[in-house]
Amino acid sequence: MQAGQLLNLKNLHVGYKSSSGNQKCIAGPINTQMHAGELICLLGPNGSGKSTLIRTIAGLQSPLEGDAELDGVNVKKLKPADLARKLSLVLTDSVRAGNLDVLSLISLGRYPYSGWLGGLNTDDRRIIKWAIESTHTEQFVNRKVNQLSDGECQKVMLARALAQDTPLIILDEPTAHLDLPSRIDLMRLLHQLARDTNKGILLSTHELDLALQVADKIWLLKPDRKLECGTPEDLVLNGTFESAFDKEGILFDKTTGSFNIHPVGEREISVFGEGAAAFWTKRALLRQGYIVKSGGIDSDVVISDLPDGPRWLLRKKGVRTEVESISEMMAYLVIKS
């Protein structure tokens, strides 16, 4: 086993067995590793097997073939108590634990060490305190779990996983029920925790844009049931990311790391400029059905960043016009088209 290697997937096939004994393979063969301190985002289209792979790694279901080794030991051979000291799991469903308070729920993360009686020693309390501080959940530790918002509840479940103090933390769709600010906050927190704690964090997500920003590596489950692994930047540049989510009318833009949901237009227009004004100008033109080309100083649209704000110099049918906003630019282009 390589130094720092937490997880090793060898010829792993995941899926289901029917009552008649027939197997349905959803993904595989999978051969990859995960190391301490890495944040890995598991991506893929719906039905590609993300949750099935998560559950197999976590020991909740058996692989159809191959092995998942955790800390050098096959997950299938680990007793539940031993597995709970090596891996903590946060599933998609929101927890609404009746009358349980937040502190009690986080403290349950120490169960693999405290046993059925639940007695907490000084070290247990120190780890619980660290988990609360690391997830910024101090302000609602005395509240009931059923009084929390979805975003607060996800942070509490992450705190419970940290209190479990395992080398590997796995989260299945942790941002599924959150609004945009909460999604950004949680992904940023996970990124920082991987750095600060040297724990491995594996999460499945549909947040493609956020995954490209925070992940050290991406595991991409493709429609052909294979898993492609690499840094986000490499997978974007070599076209792997684009092909995995390729659908008619949805194009991935390598230059911005975002998807263009608008159909390819029929009118070409050239744009010259840099920075935020140029980015949003191109976005507006794509939305209106233009094929946007990068040009030089003689382009149809030339953007200048001035001290008092951007300006757009437009050239259309031999006429030069300067405007002060994208809405003016679009109105002018409609009139002159």
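Assessment of region 10-26 against the conditions (open to solvent by 50 Å² or more (accessible area, probe 1.4 Å) and under 23 Å from the mean Cα position of the chain (by Cα)) yields no matching residue. Summed over region 194-210, the residues that are hydrophobic (A, V, I, L, M, F, W, C) and at pLDDT below 90 give a count of 2.
Of all the residues in region 297-309, those that are open to solvent by 30 Å² or more (accessible area, probe 1.4 Å) and over 15 Å from residue 268 (Cβ atoms) number 6. Give me the residue from region 17-55 that is touching a Gly at 6+ places or on another chain (Cβ under 9 Å) and among the polar types (S, T, N, Q) and, out of that set, nearest to residue 241 (Cα to Cα). Only one residue fits best here, namely 31.
Scanning region 163-191 for residues that are touching a residue at least 60 places away in the same chain (Cβ under 8 Å), among the hydrophobic types (A, V, I, L, M, F, W, C), in contact with a Ser or Thr (Cβ under 9 Å, 6 or more places away or on another chain) and open to solvent by less than 10 Å² (accessible area, probe 1.4 Å) turns up 168, 169, 170, 171. Here residue 312 meets the list (1) under 14 Å from residue 271 (Cα atoms); (2) part of a strand (DSSP E or B); (3) open to solvent by 90 Å² or more (accessible area, probe 1.4 Å) almost entirely, failing just condition (3).
The values are calculated or read from the model by the stated rules, or taken from the named source; none is laboratory data. Here the structure is a predicted model, which is why all the values come from computation and not from measurement. All Cβ positions, even for glycine, are placed from backbone atoms using ideal geometry, and neighbour counts span all protein chains on display. Surface accessibility is based on the protein's heavy atoms, side chains included, excluding ligands, DNA and RNA. Shrake-Rupley method; radii C 1.70, N 1.55, O 1.52, S 1.80 Å.
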